[in-house]
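Chemist: For reference, the structure I am asking about is given below.
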Amino acid sequence: MSKANNTPPVVTDKYYAAFATHLRDFMAAHPDTREKTTQAALAEHLGVRPQTVSYYCTGESLPNCEQLLKIAEYFHVTCDFLMTGRRVENKPVCDLLGLSDDTVQKIKLLNEGYDDFQGADGVDYAPLMLAILDVMLGDRDFYGALMQAAEYEGKKKEGLAADYLQFLEWKSAGVIQRFLLGFFSQNLASMHDKLKAYDTGLNWRALINNDGDNYKG
């Protein structure tokens, strides 16, 4: 009678290939929701057997073009990022603005109106969010507020009294809070202009003020 083979499976270089590695990472934590994706769930989306997804994860097999597009769609990423870990189309923006690839991708998803930005009421809030972000990033005071908050955060060092650390956090949060209150009260008209290009049906003043019953427009 032959003995059972307890030798662990050999991990080949294919296991550490870019596609297999990124797929395992995305399945462990979705890039947007951070939720775990099972092989069965992804297989159902692709219309294949879970074993096929297992082969993708170990690098023993690669998806065809159609399946690759479906996987990229499932994880809200581009095919080039799935295959290489680099979003080629984002590189000029990242280099120009000094933003991370993840930040640029999130803004692109916002602009493209992914379902993640729909509220519980089914309304697409992406245009409103993008309008707020656009006006805010163009506001000089926004950067001044960030600098002041950073100065308070920069004063936090080991060995300082707990009450003083709490004071610095309070000052830092206060700077951001005052900016946001002033920003929304002063820039509603600018954001309304940004929203004119969209047919959303949103009462943007009521949404921002959370006081639709009292708004006379």
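The values are calculated or read from the model by the stated rules, or taken from the named source; none is laboratory data. Values in this document were obtained by computation on a predicted structure and should not be read as measured data. Every residue, glycine as well, gets a Cβ built from its backbone with ideal geometry; the counts of neighbours run over all protein chains shown.
Chemist: Looking at (1) under 25 Å from the mean Cα position of the chain (by Cα); (2) modelled with pLDDT under 80, find the lone condition where Asp13 falls short.
Modeler: (1)
Chemist: Ok, one more. Given the structure, is Lys155 surrounded by 11 or more Cβ atoms within 10 Å (Cβ to Cβ) and at pLDDT below 75? Give the steps one after another, and end with the answer.
Modeler: Working: surrounded by 11 or more Cβ atoms within 10 Å (Cβ to Cβ): yes; at pLDDT below 75: no.
Answer is no for this residue.
Chemist: If you scan segment 73-86, which residues turn out to be aliphatic (A, V, I, L, M) and over 15 Å from the mean Cα position of the chain (by Cα)? Steps first, answer last, please.
Modeler: Keep residues of segment 73-86 that are aliphatic (A, V, I, L, M), which gives 77, 82-83.
Matches in segment 73-86: Leu82, Met83.
Chemist: State which residue is surrounded by the most Cβ atoms within 10 Å (Cβ to Cβ) when the search covers only segment 25-72 and only residues that are among the charged types (D, E, K, R) and closer than 18 Å to Asp102 by Cβ. Before you say what the answer is, go through the steps one by one.
Modeler: Of the residues in segment 25-72, the ones among the charged types (D, E, K, R) are 25, 32, 34-36, 44, 49, 60, 66, 70.
Imposing the further condition that a residue be closer than 18 Å to Asp102 by Cβ reduces the set to 25, 32, 34-35.
Details: Asp25: 13, Asp32: 15, Arg34: 8, Glu35: 10.
Among residues in segment 25-72 that are among the charged types (D, E, K, R) and closer than 18 Å to Asp102 by Cβ, the one surrounded by the most Cβ atoms within 10 Å (Cβ to Cβ) is Asp32.
Chemist: With respect to Leu160, is the statement that it is at pLDDT 85 or above and in the same structural domain as Pro127 (by TED's automatic domain parsing) true? Before you say what the answer is, go through the steps one by one.
Modeler: On the way: at pLDDT 85 or above: yes; in the same structural domain as Pro127 (by TED's automatic domain parsing): yes.
Yes: the conditions hold for Leu160.
Chemist: Restricting to segment 86-118, and then to whatever is assigned to a loop (DSSP other than H, G, I, E, B) and at pLDDT 70 or above, can you tell me which residue is surrounded by the fewest Cβ atoms within 10 Å (Cβ to Cβ)?
Modeler: Within segment 86-118, the first condition is being assigned to a loop (DSSP other than H, G, I, E, B), and the residues that meet it are 86-87, 98-100, 113-114.
Then drop every residue that is not at pLDDT 70 or above, which leaves 98-100.
Details: Gly98: 8, Leu99: 15, Ser100: 11.
Checked segment 86-118; the qualifying residue surrounded by the fewest Cβ atoms within 10 Å (Cβ to Cβ) is Gly98.
Chemist: State whether one or more residues within segment 147-166 are out of contact with any Lys or Arg (no Cβ under 6 Å at 6 or more places or on another chain) and touching a residue at least 24 places away in the same chain (Cβ under 8 Å).
Modeler: There is at least one residue in segment 147-166 that is out of contact with any Lys or Arg (no Cβ under 6 Å at 6 or more places or on another chain) and touching a residue at least 24 places away in the same chain (Cβ under 8 Å).
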